[in-house]
Amino acid sequence: MSDPNNYLETFENPSHNRDYLIEIITPEFTCLCPKTGQPDFAKLTLKYQPNKLCVELKSYKLYMHSFRDRGSFHEAVTNMIAEDLIALLNPKKLQIHAEFNVRGGIYTNVTVNHKWG
């Protein structure tokens, strides 16, 4: 399997002189449970205030798809995505919120904040 970071691309922030918020929703995120190998499904919401760079959407989609065959705990995968995007973009602020579907009668929501007030 290739490194998921190989997919991520950026472009220059077209309005770098203005603070604004970008929200990207991934309603069909999939990864695997590291204990059972069963698929886990989630809705991921990424919000970030760009600095000099923005993430290119097709590359972001391919990056998200790269997790489909990877076993990862909900907390780990959410933090991994946040860390990769922070390293790539150096955003003014970033938040990623993952809402995992029910598994065994339990829902898991994980939120990672970076410089978020």
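What follows draws every value from the coordinates through simple rules; no lab data is involved. These numbers were taken from a predicted model, which means no experiment stands behind them. In this analysis, Cβ positions are derived from the backbone assuming ideal geometry, glycine residues included, and neighbour counts consider all displayed protein chains.
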- Task: Using DSSP, restrict attention to beta bridges with both residues in the chain and report what percent are antiparallel, rounded to the nearest 5.
- Result: 95
- Query: Where does helix 74-89 land angle-wise versus the long Cα axis of the chain, in degrees 0 to 90, nearest 10?
  - Reply: 20
- Message: Just want the ordering: K35, K43, from fewest to most Cβ atoms lying within 10 Å of their own Cβ.
- Response: K35, K43
- Task: Give the cross-link partners of K61 among the aspartates and glutamates, using a straight C-alpha distance below 19 Å as the criterion and excluding same-chain residues fewer than 8 apart.
- Result: D3, E9, E12, E23, E28, D40, D69, E83, D84, E99
- Message: Whole-Hz ³J(HN,Hα) for each residue in the range 50-59, computed from phi via Karplus 6.51 cos²θ - 1.76 cosθ + 1.60 with θ = phi - 60°, x for glycine and proline: what do you get?
- Response: x, 9, 9, 10, 10, 7, 7, 5, 5, 5
- Candidate lysines - alpha carbon under 17 Å from K92, same-chain residues fewer than 8 apart omitted: K47, K52, K115
- Provide Rg over Rh for the chain; use the alpha carbon set for both Rg and the Kirkwood Rh (inverse mean inverse pair distance). 0.98
- Task: Could you tally the net charge around K92, taking each other residue with its Cβ under 12 Å from the Cβ of K92, Lys/Arg +1 and Asp/Glu -1?
- Result: +4
